[in-house]
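> Right, I'll just put the structure down here and ask away after.
The values are calculated or read from the model by the stated rules, or taken from the named source; none is laboratory data. Predicted, not measured: the structure shown is a model, and the values here were computed from it. Neighbour counts run over all protein chains shown; Cβ positions are idealised from the backbone, glycine included.
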Amino acid sequence: MVLEKPFKADIILDRDGVINLDSDAYVKSVDEWIAIESSIEAIAMLHKAGHRIFIATNQSGIGRGYFCTATLEAMHQKMLRLIQQAGGKITGIAFCPHTPQDQCTCRKPNAGLLKDLAQKFDINLNTAIVIGDSLRDLQAAIEVGSNPILVLTGKGKKTLQSNPDLPYPTYNNLYDASQKILA
């Protein structure tokens, strides 16, 4: 993907494993929400360069009863505060509280979260960049014609090992991906 200057993309990020440390036991509290080193800085740099940043995140821990929406909101407030302190901004957040058994249209790999963000914030999904650490993030991006990027944090290394022929740009982390976008 070649971005021509002065291209300003809408960038949609997965949360767990891209912005913050992921956990197979779920991130269930504000204390468990820990930013990945340099992810906050990356978001701030992208925002300062004129890109709009969004988050689309599966949060089935709500549907499984591990935490409630108020706890999710508190985690997001912590994240937003850190991003704002670094000079960045998240324009919008969409989350899916459902479990896979609910068979909803919003849970990635379905593209409902991306479509919701596009409708609310007038995002052209054909020019949007979607950055994730799992195959389902990439599949949701492809479903709506967006430009997927894989990062190797979170589940990213496992995703790449299971799918070694993925034709998408792959970077060590969100910071490295942001440097390519900004180059």
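> Given (1) surrounded by 17 or more Cβ atoms within 10 Å (Cβ to Cβ); (2) under 23 Å from ALA44 (Cβ atoms), identify the lone condition not met by LYS115.
For LYS115, the failing item is (2).
> So which residues in the range 140-168 are within 15 Å of the chain's Cα centre (by Cα) and not hydroxyl-bearing (Ser, Thr, Tyr)?
Residues satisfying the conditions are ALA140, ALA141, ILE142, ASN147, PRO148, ILE149, LEU150, VAL151, LEU152, GLY154, LYS155, GLY156.
> Among the residues of the range 169-183, write down those that are over 13 Å from the mean Cα position of the chain (by Cα) and not in a helix (DSSP H, G or I).
Result: PRO169, THR170, TYR171, ASN172, ALA183.
> Out of LEU135, LEU152, which single residue is touching a helix residue (DSSP H, G or I) at 6+ places or on another chain (Cβ under 6 Å) and either farther than 19 Å from GLY50 by Cβ or at pLDDT below 95 (or both)?
Values: LEU152 fails: touching a helix residue (DSSP H, G or I) at 6+ places or on another chain (Cβ under 6 Å).
Checking each option against the conditions leaves just LEU135.
> Another question, if that's okay. Could you please find all residues in the range 170-183 being surrounded by 17 or more Cβ atoms within 10 Å (Cβ to Cβ) and in contact (Cβ under 8 Å) with a residue 60 or more places away in the chain?
Within the range 170-183, ASN173, LEU174, TYR175, ALA177, SER178, ILE181 qualify.
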